[in-house]
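Derivation of every value follows stated rules applied to the coordinates shown; laboratory data play no part. Note that the structure is predicted; figures quoted are calculated from it, not measured. So basically every Cβ, Gly included, is an ideal-geometry build from the backbone, and we count neighbours across all protein chains shown.
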């Protein structure tokens with residue numbers, strides 16, 4: 001059975017772990033605090049609240065105290081950050097009609113694996129989006145994640161095939177599922193400039209940069225190559241795209 005404290009420290013963003021420890025230290029929450037009290041104190045999502053509730057309950061049943069819990073939180077957070085700061089883990093990712101060499105993995109299984117671990121957020125940046133059978137499976141998984149509280153964001157090229165990307169996503173997103181945030185980009189003064197990046201970021205710590213678009217050929221038919229990075233660069237990439245969204249570089253698209 002997983003340790004709620006270890007799971008909380010691993011799954012949450014570092015600043016959220018520190019906020020939780022700070023609140024315990026100053027007494028704004030205690031081991032007996034209810035979920036409603038946690039919701040009042042923090043702006044975290046439902047999964048974060050569940051994890052915090054589990055930590056408090058487990059620590060309370062074990063006879064612990066708030067000061068000891070604060071020490072445990074900060075101690076485990078320090079270990080996590082020390083491990084992450086040692087350097088990112090990388091692997092090569094390939095789409096092609098030949099077997100990948102040793103140390104190289106295929107694109108579609110890597111994308112599927114990354115999404116299987118998603119707990120907080122997924123960012124998809126792609127130039128081309130064609131939703132066939134394989135890509136529909138990716139879209140269905142994203143929709144399932146969205147409905148469980150994972151924040152899904154798409155950034156697409158607005159001019160591609162006269163808006164095909166946007167219309168495809170809106171038409172093929174499963175009905176009844178929470179809609180993702182959707183942004184597009186086009187250069188106002190250069191008609192042939194493109195949003196050509198192909199990026200997948202999961203939970204701000206798992207990053208895939210690839211030449212493969214989110215299409216059937218990108219996943220299985222073309223010759224494509226990319227790099228998956230786990231660690232600090234994924235968080236840096238996430239912050240970069242978040243700053244572009246905040247600055248208005250991308251335009252938000254409305255859902256019907």
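Here is how the numbers come out for the structure above:
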| item | result |
| --- | --- |
| Computed FRET value (nearest 0.05) for residue 164 with residue 192, which takes r as the C-beta separation and R₀ as 22 Å | 0.85 |
| Cα centroid separation - the range 126-152 against the range 22-63, whole Å | 32 |
| Reference-scaled alpha-carbon Rg (2.2 N^0.38 Å with N residues) for the range 4-85 | 0.99 |
| Over the chain: Rg over Rh, Cα atoms, Kirkwood Rh | 1.02 |
| Value of [θ]222 nm, deg cm²/dmol, for the chain, DSSP H segments ≥ 4, -39500 (n - 2.57) each, nearest 500 | -14000 deg cm²/dmol |
| Likely footprinting exposure, 86, 74, fewest C-beta neighbours within 10 Å first | 86, 74 |
| Nitroxide proxy distance, nm - points 7 Å out along Cα→Cβ at residue 15 and residue 71 | 2.9 |
| Projected label distance in nm at residue 225 and residue 78, using a 7 Å step from Cα toward the beta-carbon | 4.3 |
| Neighbour-count order for 157, 189, 3, 134, fewest beta carbons within 10 angstrom listed first | 189, 3, 134, 157 |
| Percent RCO, i.e. relative contact order, over the chain, from Cα pairs under 8 Å lying at least 6 residues apart | 21 |
| Where a label projected 7 Å from the Cα of residue 147 along Cα→Cβ would reach, residues of the range 168-183 with amide N under 12 Å | 174-179 |
| Gyration tensor over alpha-carbon atoms, the range 77-180, equivalent ellipsoid semi-axes in Å | 27, 21, 13 |
| Two-site label geometry, residue 178 and residue 102: point separation in nm, points 7 Å out along Cα→Cβ | 4.5 |
| Ranked list, fewest to most other Cβ atoms within 10 Å of each Cβ, for 52, 114 | 114, 52 |
